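To start, the structure under review is shown below, and the notes come after it.
The values are calculated or read from the model by the stated rules, or taken from the named source; none is laboratory data. Predicted model, so just to flag it, every value in this text is computed and none were measured. Here the Cβ positions follow ideal geometry from the backbone for every residue, glycine too, while neighbour counts run over all protein chains shown. To get the accessible areas, we keep the full protein, side chains included, count just its heavy atoms, and leave off ligands, DNA and RNA. Shrake-Rupley method; radii C 1.70, N 1.55, O 1.52, S 1.80 Å.
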Amino acid sequence: MKKDCAALVAEIEASLPTIVVTVKDLATGADVFDVKVELDGEPLLEKLDGTAVAVDPGVHKLRVVPSKGEPVEQQLLFVEGQRNRLVDVSIGKKPDEPKPDPKPEPKPEPKPEPKPALPPPATGAPVGAWVLGGVSVVGLGLFVGFGLSGRKDVSDLRAQCNGACDDSVLDAPKRKLLVADLALGVGVVSLGVATYLFLSAPKTASSSTTGLRVDAVPVAGGAVGLVGGRF
């Protein structure tokens with residue numbers, strides 16, 4: 001039985017895939033209608049109207065030519081019996097996205113200022129110990145000098161007066177003996193304090209280089225000692 005010609009045509013048309021081409025401008029995001037569409041180099045559409053177009057099954061090269069701008073090509077596979085396949089084509093370029101503001105570089109944290117170095121703790125015998133040591137030597141020297149001189153004056157006066165001297169002539173020797181007693185007291189106290197300071201002071205290797213020098217110099221009424229040293 002021969003098929004009806006119209007039915008055969010309808011069957012063939014039903015087996016042909018159909019496509020719907022849409023074009024969008026990337027720069028504006030709007031649909032574009034004023035374009036030409038070619039299939040394998042042959043004109044397919046003069047402009048877009050949203051209707052489906054029948055094409056042969058197989059691999060084809062679709063080319064969209066806009067009125068402005070560069071043409072765009074796509075290679076597509078059309079399957080037999082596939083109906084109203086949507087073919088989206090994009091033309092143009094996306095606008096450059098604004099670059100995010102660069103993050104400000106973190107400011108370097110200020111470095112803490114170095115604390116001033118504390119002076120090293122004092123070591124060795126304090127200066128006061130040397131001063132008091134010198135005072136004690138001077139005091140003992142005055143005690144010896146004035147004591148000997150005063151006693152000698154008393155003995156000389158008594159020998160001259162034969163034991164009947166007036167008390168007024170003994171005033172000068174008595175003053176020497178009084179100065180001797182006071183110098184002894186000052187010397188003993190200074191020596192005690194200086195000894196305490198020497199013993200309580202921290203010792204260092206350099207303390208051995210410290211020295212005390214005592215010189216005897218004459219003074220009125222007798223010889224006394226003076227202290228000197230290197231620190």
| message | Looking only at residues that are surrounded by 23 or more Cβ atoms within 10 Å (Cβ to Cβ) and at pLDDT 70 or above in the range 144-153, which one is nearest to residue 182 (Cα to Cα)? | response | 146
| note | When residue 138 is run through (1) over 22 Å from residue 16 (Cβ atoms); (2) part of a loop (DSSP other than H, G, I, E, B); (3) in contact with a helix residue (DSSP H, G or I) (Cβ under 8 Å, 6 or more places away or on another chain), the failure sits at (2)
| Selection within the range 14-39 - outside any strand (DSSP E or B) and out of contact with any Asp or Glu (no Cβ under 9 Å at 6 or more places or on another chain) | 14, 26, 27, 28, 29, 30, 34
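Of 86, 62, which residue is open to solvent by 100 Å² or more (accessible area, probe 1.4 Å) and at pLDDT 80 or above?
On the way: 62 fails: open to solvent by 100 Å² or more (accessible area, probe 1.4 Å).
Result of the check over 86, 62: 86.
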| message | Being in contact (Cβ under 8 Å) with a residue 24 or more places away in the chain and in contact with a strand residue (DSSP E or B) (Cβ under 6 Å, 6 or more places away or on another chain) is the filter here; which residues of the range 54-71 pass it? | response | 54, 55, 57, 62, 63, 64, 65, 66
| How many residues are touching a residue at least 40 places away in the same chain (Cβ under 8 Å), open to solvent by 50 Å² or more (accessible area, probe 1.4 Å) and over 60 Å from the mean Cα position of the chain (by Cα) when one looks only at the range 23-49? | 0
